[in-house]
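The values are calculated or read from the model by the stated rules, or taken from the named source; none is laboratory data. Bear in mind that the values here come from a model prediction, so they are computed numbers and not experimental data. Glycine also receives a Cβ, built like all others from the backbone with ideal geometry; neighbour counts cover every protein chain displayed. Ligands, DNA and RNA are stripped out before the accessible areas are found, and what is left, the full protein with its side chains, is counted by its heavy atoms. Shrake-Rupley method; radii C 1.70, N 1.55, O 1.52, S 1.80 Å.
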Amino acid sequence: MSDIDAASARTAVAVRATYIAFIGAGFAFASWASRIPQVRDRLELTSSQLGIVLLAIAVGSLLALPMSGIIINRFGSRLTVTVMSLVLAVGLTIIASGYLVGVVPLLIGLFVLGFANGAWDVAMNVHGAVAERRLGRSIMPRFHAGFSAGTVAGALIGTAMVALNISVTVHLLTVAVVIVAAIPLGVRHFLNESDAEPETPTPDTTRPHALARWKEPRTLLIGVVALSFAFAEGSGNDWLNIALIDGYDASAVAGTLAFTTFLVAMTAVRWFGNGLLDRYGRVVVLRGLAGVSVVGVLLFVLSPVVPLAFVGAFLWGAGVSLGFPVAMSAAADEPAAAAARVSVVASIGYFAFLGGPPLIGFLGGHGDVLRALLVVAALLAGSLIVIGALRPLPGSNSRH
């Protein structure tokens with residue numbers, strides 16, 4: 001086998017390993033998210049209290065994200081994902097016990113889950129950018145489609161667990177075992193980040209300058225775009241289920257199916273969206289999708305009947321699909337600065353998870369959760385102003 005063939009084979013294996021990381025992260029998160037209504041009911045939480053409980057995930061993530069760029073530079077993406085998958089499994093185990101014991105262990109478990117998820121998220125996105133550069137073509141949205149596919153699988157299994165009356169504890173403990181067994185084995189073929197770096201880094205890309213990325217206007221504006229789309233995606237993950245149940249007096253199974261519809265739409269557009277990006281570019285595509293999502297949220301909230309709310313959930317999911325992955329690609333336009341910039345953008349994006357759950361919960365506590373979701377449409381509409389920051393940098397490898 002020639003060196004070129006060997007390199008191509010190595011890249012193909014690394015791409016499969018990256019899909020495993022994204023699918024596993026999505027599956028783990030959706031497994032928890034699909035059982036939020038049952039946790040709320042057992043612990044007798046109000047909407048405001050549930051929003052504060054969900055805040056624990058964001059706090060854990062925001063502690064992990066700012067340091068993740070330095071951690072990845074030091075230990076590599078493979079080791080970071082491996083360790084954090086084990087930590088995440090511990091978090092799911094604590095959540096499973098919190099469902100039975102009370103709010104305090106639930107908060108601890110969600111904090112651990114958020115911490116592990118934050119570092120895992122940045123590491124797999126950094127490696128996705130490495131694989132993308134080695135391939136020489138856009139593939140990041142498909143990696144995120146893998147994440148969405150994992151969430152669909154997690155949500156469908158969650159739906160089955162609800163329908164079969166399987167306890168949250170048994171469900172989440174089983175998921176923890178699956179994560180421990182699959183992820184460390186699956187990511188062992190990650191590439192080294194240095195494989196895609198310039199041979200001689202410039203002084204500006206050395207480790208002491210990692211925090212300087214927080215002063216770059218373009219990086220910060222990309223972070224704002226990531227925040228807007230992450231808020232819309234996270235609000236769907238955390239509240240769509242409950243909003244349909246409470247706002248339309250629907251069954252628990254219907255609520256979980258609406259959540260699944262949202263995830264299926266997001267997965268489909270992420271898988272097939274590369275053609276749109278290559279033809280029209282990041283800015284045009286994201287502006288169009290933001291508009292689609294605004295229409296979807298309005299339809300979901302204001303629809304007079306449940307079937308139209310399902311259509312709204314589909315448009316909502318389709319519209320938010322490419323925002324976060326395209327922001328990650330834009331942050332990684334320059335290989336040597338990718339880890340630091342992805343860390344900054346992901347950190348800003350995760351502020352949506354910090355402010356989103358309590359904001360929707362607070363607004364829901366003073367009215368209803370369904371109407372509170374109108375803030376999602378408002379934030380997405382505002383993002384149209386800054387989406388232009390995602391244009392590729394001059395001289396970067398990106399064509400879109």
Practice item. Would you please name the residue that is modelled with the highest pLDDT, looking only at residues in the range 107-140 that are farther than 20 Å from Leu65 by Cα and buried (at least 23 other Cβ atoms within 10 Å of the Cβ)? Key: Ala131
Practice item. Check whether at least one residue in the range 129-142 is farther than 30 Å from Glu334 by Cα, assigned to a helix (DSSP H, G or I) and over 15 Å from the mean Cα position of the chain (by Cα), and report yes or no. Key: no
Revision key, fill the gap. By residue number, the members of the range 31-56 that are closer than 13 Å to Gly98 by Cβ, in contact with a Phe, Trp or Tyr (Cβ under 7 Å, 6 or more places away or on another chain) and open to solvent by less than 30 Å² (accessible area, probe 1.4 Å) are Val39, Ala56
Study note, to complete from the structure: With the first residue restricted to the range 271-284 and required to be on the phi > 0 side of the Ramachandran plot, and the second required to be in a loop (DSSP other than H, G, I, E, B), Cβ contacts under 9 Å at 6 or more apart or on different chains are Gly281/Arg391; Gly281/Pro392; Gly281/Arg399; Gly281/His400
Review point. Which one of Val311, Val297, Val342 is over 19 Å from the mean Cα position of the chain (by Cα), closer than 26 Å to Arg142 by Cα and hydrophobic (A, V, I, L, M, F, W, C)?
Key: Val311
Exercise for review: Can you tell me which residue among Ala9, Ala28 is surrounded by 23 or more Cβ atoms within 10 Å (Cβ to Cβ), out of contact with any Lys or Arg (no Cβ under 8 Å at 6 or more places or on another chain) and not β-branched (Val, Ile, Thr)?
Suggested key: Ala28
Review point. Do the conditions hold for Val284, that is, is it of a type in the set (Val, Ile, Thr), closer than 29 Å to Gly388 by Cα and in contact with a helix residue (DSSP H, G or I) (Cβ under 8 Å, 6 or more places away or on another chain)?
Key: no
Check your understanding: Is there any pair linking a residue in the range 33-52 that is within 15 Å of Ile95 (Cα to Cα) and touching a residue at least 60 places away in the same chain (Cβ under 8 Å) to one that is among the hydroxyl-bearing types (Ser, Thr, Tyr) and crowded, with 17+ Cβ neighbours inside 10 Å, with Cβ under 7 Å and at least six apart or on different chains, and which?
Key -> Ser34/Thr159; Ser34/Thr256; Val39/Tyr99; Arg42/Tyr99
Exercise for review: With respect to Ala181, determine if the residue is under 19 Å from Phe22 (Cα atoms) and buried (at least 16 other Cβ atoms within 10 Å of the Cβ).
Suggested key: no
Check your understanding: Can Ala89 be described as small (Gly, Ala, Ser), crowded, with 22+ Cβ neighbours inside 10 Å and more than 15 Å from Phe27 (Cα to Cα)?
Key -> no
